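Q: Attaching a single structure in structure tokens format; questions to follow.
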Amino acid sequence: MKHKILRGSYSFAAMVMFMLFIQSNAFALTVVLKQPVPLQQETMANLKQDNQNVDDRWKLVMFGFTHCKDVCPLSLANFSMLVRAAAAEQIQLEGTFVSVDPDRDTDDVLSSYTNSFGPNVSFLRLEDKALERFMAAFGAEALFYTKNEGNQFNYQVDHSSTAFLIDPEGRIRVLFDALEDARDIEKMLRENQAFFKS
């Protein structure tokens, strides 16, 4: 994995890697960064490609794949809940599901998959080096099992349930487990609106 993570912020990379390898059921861990980490222009351009005219929204980002049986659907259900909670507090928030498996996750498959979680949950499908660079920006990795020439469809992918909350200026502000910590973020939306204005 390339070590060019977010302008050389090695402490951030170490924290991300720590979170990526925590089992989702081990314990919940929400990390509010004291110093927000700015994303590079290419990364933000990819995130904005579905909403070119919307720059004032907070963004939730998670990595996964549509053949995931439990982590991804539950995580996206939490994203949907958070988007609704934000709307109730008049905070602009949208979720982005980034596919780590573009071979099976076509645009049509991803569109159908994310549409079931509401209008403000979209997808991002990148391939090859573009996907590698995007994942490296977040310190994300995916491990493919039994994918080979004889098995191009029925394979499993291991990935983290770490999610990222990004402010409208393109800075990572919070890391959290999309399965375990969604209620922490919901509480922030309700009780700490000043955070979302900073």
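Q: I need the full set of residues from segment 156-193 which are within 20 Å of Gly95 (Cα to Cα), over 17 Å from the mean Cα position of the chain (by Cα) and at pLDDT 90 or above, in order please. Don't jump to the end; show me each part of the working.
A: Within segment 156-193, the subset within 20 Å of Gly95 (Cα to Cα) is 159-190, 192-193.
Narrowing further to those that are over 17 Å from the mean Cα position of the chain (by Cα): 187-190, 192-193.
Once the filter is applied, which keeps residues that are within 20 Å of Gly95 (Cα to Cα), over 17 Å from the mean Cα position of the chain (by Cα) and at pLDDT 90 or above, segment 156-193 yields Lys187, Met188, Leu189, Arg190, Asn192.
Q: Search segment 49-65 for residues being under 14 Å from the mean Cα position of the chain (by Cα) and of a type outside the set (A, V, I, L, M, F, W, C), and hand back the single one that is modelled with the lowest pLDDT. Even if it seems obvious, please write down each step before you answer.
A: Taking segment 49-65 as the starting set, the residues that turn out to be under 14 Å from the mean Cα position of the chain (by Cα) are 58-65.
Checking the rest, the ones that are also of a type outside the set (A, V, I, L, M, F, W, C) come to 59, 64.
Numbers: Lys59: 96, Gly64: 93.
The selected residue is Gly64.
Q: For segment 82-118, which residues satisfy the criterion of being under 18 Å from Phe134 (Cα atoms) and either touching an Asp or Glu at 6+ places or on another chain (Cβ under 6 Å) or surrounded by fewer than 19 Cβ atoms within 10 Å (Cβ to Cβ) (or both)?
A: If the condition is that a residue be under 18 Å from Phe134 (Cα atoms) and either touching an Asp or Glu at 6+ places or on another chain (Cβ under 6 Å) or surrounded by fewer than 19 Cβ atoms within 10 Å (Cβ to Cβ) (or both), then Ser99, Pro102, Asp103, Thr106, Asp107 are the ones that fit.
Q: Select, from Phe153, Phe138, Phe196, Phe123, the only residue that is at pLDDT 95 or above and hydrophobic (A, V, I, L, M, F, W, C). It would help to see each step written out before you state the result.
A: Working: Phe153 fails: at pLDDT 95 or above; Phe138 fails: at pLDDT 95 or above; Phe196 fails: at pLDDT 95 or above.
On inspection, the qualifying residue turns out to be Phe123.
Q: Let me ask something else about it. Residues to consider are Ser112, Ser99; find the one that is out of contact with any strand residue (DSSP E or B) (no Cβ under 7 Å at 6 or more places or on another chain), polar (S, T, N, Q) and at pLDDT 80 or above.
A: Of the residues listed, the single one that is out of contact with any strand residue (DSSP E or B) (no Cβ under 7 Å at 6 or more places or on another chain), polar (S, T, N, Q) and at pLDDT 80 or above is Ser112.
Q: Select, from Asn46, Asn78, the only residue that is part of a helix (DSSP H, G or I), within 23 Å of Gly139 (Cβ to Cβ), modelled with pLDDT under 95 and not hydroxyl-bearing (Ser, Thr, Tyr).
A: Asn46
Q: Can you give me the number of residues within segment 170-180 that are surrounded by fewer than 21 Cβ atoms within 10 Å (Cβ to Cβ) and either within 13 Å of Val71 (Cα to Cα) or small (Gly, Ala, Ser) (or both)?
A: 3
The values are calculated or read from the model by the stated rules, or taken from the named source; none is laboratory data. Everything numeric in this text was worked out from a predicted model, so none of it was measured. Every residue, glycine among them, receives a Cβ derived from its backbone with ideal geometry; neighbour counts consider all protein chains shown.
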